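Values quoted throughout were computed directly from the atomic coordinates according to the rules given, and no laboratory measurement underlies them. Remember, it's a predicted structure, so these values are computed and weren't measured experimentally. For neighbour counting, all protein chains shown are included, and Cβ atoms are generated from backbone atoms with ideal geometry for every residue, glycine included.
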Amino acid sequence: MKSSYRRFLLVLAGLIIVGVFTLWGPAGLRIAKETLQDTPWQVPVWALPQFLRPEPRIEKLYQACGHREEIPLPEEVNLRWIGKKELEILFPPQEGWEIYPEQNGRLVITQKVPGLCPQDAPKRHLAELDGRVAVYRGPTGSMGDLERVLDIRMETLPREWQERIRQGRAEFRSEEELLKALDSLEEYSADAW
């Protein structure tokens with residue numbers, strides 16, 4: 001009895017698939033998919049039929065610099081066929097994951113990561129802190145950590161260096177570049193007096 005019921009369900013599912021394909025045809029499916037992808041969704045993306053769901057985008061958001069890094073999925077993983085609860089198990093909010101739909105209905109799965117992205121992590125910049133020169137991690141304008149405050153008062157620097165620091169143009173791609181610049185500023189430190 002159980003196997004005949006299964007067989008009935010398989011035949012019914014097959015007939016439904018053939019019927020939809022016969023009525024709409026491949027062109028109808030393509031047109032429906034394109035039309036629906038261009039309109040804002042009124043229903044949650046995970047409630048859409050799987051063949052209409054755009055492939056989700058998975059990314060890391062580095063909070064200190066604001067850069068995003070796309071995370072590629074292995075080819076055998078297809079998140080289009082996964083529901084909301086399964087996505088929340090795979091990408092738990094307590095680990096910094098956030099799942100939201102874009103305007104076009106595509107799901108975006110973002111993990112917020114504290115700190116700088118790999119491209120900005122080696123960068124350093126100089127800024128003014130309480131009248132002294134300070135070294136910060138990351139590029140100018142990022143929320144990188146304060147690395148150290150130098151014993152150099154801003155008013156003792158040449159006008160060119162003061163402007164460069166205040167205008168956010170004292171940025172260095174590496175620790176080595178920073179050390180070269182600091183060597184040239186060493187004569188302006190309080191110890192030199």
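Values computed for the structure shown
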| item | result |
| --- | --- |
| Alpha-carbon Debye profile of the stretch 126-169, log10 I(q)/I(0) at 0.21 Å⁻¹ | -0.63 |
| HN-Hα J in Hz across the stretch 146-151 - Karplus 6.51, -1.76, 1.60, θ = phi - 60°, x for Gly and Pro | 6, 8, 6, 10, 7, 8 |
| Residues whose placed amide H lies under 5 Å from that of residue 102, excluding near-sequence neighbours | 107, 108 |
| Stretchable slack from residue 55 to residue 143, in nm (0.36 nm times residue separation minus alpha-carbon distance) | 28.5 nm |
| With eigenvalues of the C-alpha gyration tensor scaled by 5 and rooted, the stretch 94-193, Å | 37, 13, 12 |
| For residue 132, distant residues with modelled amide H under 5 Å away | 154 |
| Inter-probe distance in nm under a simple model that places probes 7 Å from Cα toward Cβ, at residue 130 and residue 76 | 5.7 |
| Simple spin-label estimate for residue 104 and residue 84 in nanometres, 7 Å along Cα-Cβ | 2.3 |
